[in-house]
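Visitor: Here you go, one structure.
The values are calculated or read from the model by the stated rules, or taken from the named source; none is laboratory data. Since the model is a prediction, treat every value here as computed from it, not as a measurement. Reconstructed Cβ throughout: ideal geometry from the backbone, glycine too, with neighbour counts over all protein chains shown. Quick note on the areas: whole protein, heavy atoms, side chains included, nothing else; ligands and nucleic acids left out. Shrake-Rupley method; radii C 1.70, N 1.55, O 1.52, S 1.80 Å.
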Amino acid sequence: MKQASMHVASLTLDETNPRYATKTGGLEESIAALLAKDDHKLLRLARDICQHGINPSDLTIVLIDGGQNVVLEGNRRVAALKLLHNPALAPTEKLSKQFAAIGKGGEFPRRLTCVVAESRIQAEHWIRLKHTGENGGVGVLKWSSGEISRFSGRSTPTEKARLFIEAVNDWFPDDSSLLSDAQSVRDARITNLGRMIADPAVRNRLGISFDGDVVLRSYPADKLRPILIRLFHDLAGPVSVDQIKNKRQREDYLERVEGELPKLADRLEEPQKYSKFADAESVGGNGEAPEAPSDTPPKPERRKRADFEKKLFQGVTLRHVSLRTSDVVEEAKRIKIDEMPNVAAVMVRAVVDIVVTEVANKLGWKRNQDTLKGRIGAVLNQVDPKKDDPLLANAWRFSQEDDGALILKSLHSFVHTWQNDPLSSEVRKLSVAYATLLIKADELLEKKKR
């Protein structure tokens, strides 16, 4: 089969696509059938195309039939592209607006590299191998969990847990008790540790982040030691998986160990990093570079922040708010605070307001909705009525208490005062403080659905 570059507008969806229960009648009916099957998946595909482009390992197969370029394989991606180019093809106004909004936020191709089949029979073999399993090794072989782990490198929780233990060994080489518990966790409870550090809230309070094979530590070792001693002791002994299985249980654990957690005031200006593959001569036992010889000027290190400090609202995924609100949050999460502090500042204010306002509207709240302070306070009183959740302490202080009033005024000034020049550090602090509030607000909607 030959390859050809074809304009998206020249492609026609297959009216006999196996994804349809019955034959469709024309382009708009075919698009409506794909959206009816699962409109959220097609919206996500369109968003992924705008962010990453078309998958180069998966070419569209086309049959030239009666002057039409009929898509035999790749109908979903072609439908997504057509909707991005012409949102009016969507069967409802809501979907049309959603595809239009996605298209404004990214780039997408006008032409596709296609494989031209001479007949449906010729294409059938390849389509069957793609969609019907392994077929004795001829089709697509799914990766095992081990193969996925090796491909992902340090991306799986268990692999990150192993890397974290290596970092702890490097940071505290003389603490035999801590290292003994860490070894016990590695041998028998590694998945439990993985479950803990896969939780953004846990990483945030520990000041731990991962960047490939690098572990970033945002607190001095001596400030981190108490909580690590407690964590590894608990995981090696009394704390079972049933006690940290869900997010609420992990939050309860953080509350119980609040006294051992490092204080925000002790956060380092620049995180220290541990890398398993660092040159032993260039990195000392504490993960820091040794002093260079007096006649050799030291090389300045590139500024490195923990992942939750680089961009807005890292670790926040909202599943129960409207798709539009979720999209706003996901787009905001791509903003790099140090590169765009003004935009980041405006988006902190916008995201917080959009989320708390939607929650109030959907739950029918009428009281305390006239001001942003009131709307934030209404959510806080619902999710933390006793004001004892350590992860919400700064959200309370920044938005409700007298000494935090200036912080709330800062949110307003980011939007309404042109003289205000937001500091990256201030935006970063607000993003971290309100991240948990956004997650908790989203969970209120989940409870309503139940």
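Visitor: Criterion first (touching a Ser or Thr at 6+ places or on another chain (Cβ under 9 Å) and in contact (Cβ under 8 Å) with a residue 40 or more places away in the chain) does ARG111 satisfy it?
Guide: yes
Visitor: Let me ask something additional. Would you mention how many residues in the stretch 354-382 are under 23 Å from the mean Cα position of the chain (by Cα) and assigned to a loop (DSSP other than H, G, I, E, B)?
Guide: 0
Visitor: Next question, about the same structure. Somewhere in the stretch 209-222, is a residue aromatic (Phe, Trp, Tyr), farther than 14 Å from LEU193 by Cα and in contact (Cβ under 8 Å) with a residue 24 or more places away in the chain?
Guide: yes
Visitor: Then there is this: Out of the residues in the stretch 255-267 meeting the condition of being among the hydrophobic types (A, V, I, L, M, F, W, C) and modelled with pLDDT under 90, tell me which one is farthest from the chain's Cα centre (by Cα).
Guide: Top of the filtered list is ALA265.
Visitor: Continuing with this model, one more query. Could you check the stretch 155-178 and list, in sequence order, the residues that are among the charged types (D, E, K, R) and over 31 Å from the mean Cα position of the chain (by Cα)?
Guide: Across the stretch 155-178, the qualifying residues are ASP174, ASP175.
Visitor: Being out of contact with any helix residue (DSSP H, G or I) (no Cβ under 6 Å at 6 or more places or on another chain) and either open to solvent by 30 Å² or more (accessible area, probe 1.4 Å) or farther than 20 Å from GLU28 by Cβ (or both) is the filter here, so list the residues in the stretch 64-75 that pass it.
Guide: ILE64, ASP65, GLY66, GLY67, GLN68
Visitor: Spot the failing condition for THR417; the list is (1) open to solvent by 50 Å² or more (accessible area, probe 1.4 Å); (2) modelled with pLDDT of 90 or more, and only one is missed.
Guide: Result: THR417 passes all but (2).
Visitor: For the stretch 20-48, how many residues are β-branched (Val, Ile, Thr) and over 17 Å from SER96 (Cα atoms)?
Guide: Residues in the stretch 20-48 being β-branched (Val, Ile, Thr) and over 17 Å from SER96 (Cα atoms): 2 in total.
Visitor: Any residue at all in the stretch 113-134 that is part of a strand (DSSP E or B), modelled with pLDDT of 90 or more and open to solvent by 50 Å² or more (accessible area, probe 1.4 Å)?
Guide: The answer is yes; a qualifying residue exists.
Visitor: Something else about it: When both residues are 6+ apart or on different chains and their Cβ atoms are under 8 Å apart, which pairs have a first residue that lies in the stretch 366-377 and is hydrophobic (A, V, I, L, M, F, W, C), and a second that is surrounded by fewer than 17 Cβ atoms within 10 Å (Cβ to Cβ) and not in a loop (DSSP other than H, G, I, E, B)?
Guide: Correct list of pairs: LEU372/ASP353; LEU372/HIS412.
Visitor: Moving to a separate point now. Pick from VAL215, VAL202: which is surrounded by 18 or more Cβ atoms within 10 Å (Cβ to Cβ), in a strand (DSSP E or B) and of a type outside the set (Phe, Trp, Tyr)?
Guide: VAL215
Visitor: Looking at LEU406, LEU391, which is the one that is modelled with pLDDT under 75 and either assigned to a loop (DSSP other than H, G, I, E, B) or of a type in the set (A, V, I, L, M) (or both)?
Guide: None of the others qualify; the one that does is LEU406.
Visitor: In this structure, is GLN51 closer than 16 Å to GLN3 by Cα, of a type outside the set (Ser, Thr, Tyr) and assigned to a helix (DSSP H, G or I)?
Guide: no
Visitor: Right, another one. When residues of the stretch 331-341 are filtered for being assigned to a helix (DSSP H, G or I) and open to solvent by 20 Å² or more (accessible area, probe 1.4 Å), how many remain?
Guide: So the answer is 2.
Visitor: Run down VAL328, VAL383 and say which single residue is more than 30 Å from LYS104 (Cβ to Cβ), open to solvent by 20 Å² or more (accessible area, probe 1.4 Å), at pLDDT 90 or above and among the hydrophobic types (A, V, I, L, M, F, W, C).
Guide: VAL383
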